[in-house]
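See structure below.
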Amino acid sequence: MMQHIEYRAPFIHVLQREVNHRVRYYSLKIYKTLFGEYVLEKKYGSIKNKAPTGIKLEYYDKLEDALIAIKKRVQEKLKRGYTDMLLKGRETSFSA
């Protein structure tokens, strides 16, 4: 049974970690397109640089699928030593 999720604004996660005295970030954002599909935007790079090192987009028909994908990606990054800056000090939880 699918749970209804109300979509209001972009869903964003910002993660960061320090590697060799350089702070790296990984930003995940879900937003809705004009055509009704959902985009998971993944940006990553160094905080020292103005432009991101890379941007990747994944398209989903359903918000639930995009939330599952972002949950998986955040869990992978947390295992690699990233800290979730938006949930710092709180338990990471998702509903999908």
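The values are calculated or read from the model by the stated rules, or taken from the named source; none is laboratory data. This structure is a prediction, so every number in the text was calculated from the model and none was measured. Glycine gets a Cβ as well: all are built from the backbone with ideal geometry, and neighbour counts include every protein chain shown.
Conditions tested, residue by residue: (1) surrounded by 12 or more Cβ atoms within 10 Å (Cβ to Cβ); (2) modelled with pLDDT under 90; (3) more than 9 Å from the chain's Cα centre (by Cα); (4) not acidic (Asp, Glu).
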{"site": "PHE11", "(1), (2), (3), (4)": "yes, yes, no, yes"}
{"site": "GLN16", "(1), (2), (3), (4)": "yes, no, yes, yes"}
{"site": "TYR26", "(1), (2), (3), (4)": "yes, no, no, yes"}
{"site": "ILE30", "(1), (2), (3), (4)": "yes, no, no, yes"}
{"site": "TYR38", "(1), (2), (3), (4)": "yes, no, yes, yes"}
{"site": "GLY45", "(1), (2), (3), (4)": "yes, no, yes, yes"}
{"site": "ILE55", "(1), (2), (3), (4)": "yes, no, yes, yes"}
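Limited to segment 13-55, what total is found for residues that are among the aliphatic types (A, V, I, L, M), part of a strand (DSSP E or B) and over 19 Å from GLY81 (Cα atoms)?
4
Condition check: surrounded by 14 or more Cβ atoms within 10 Å (Cβ to Cβ), modelled with pLDDT of 90 or more and not basic (Lys, Arg). Does TYR59 satisfy that? No, not satisfied.
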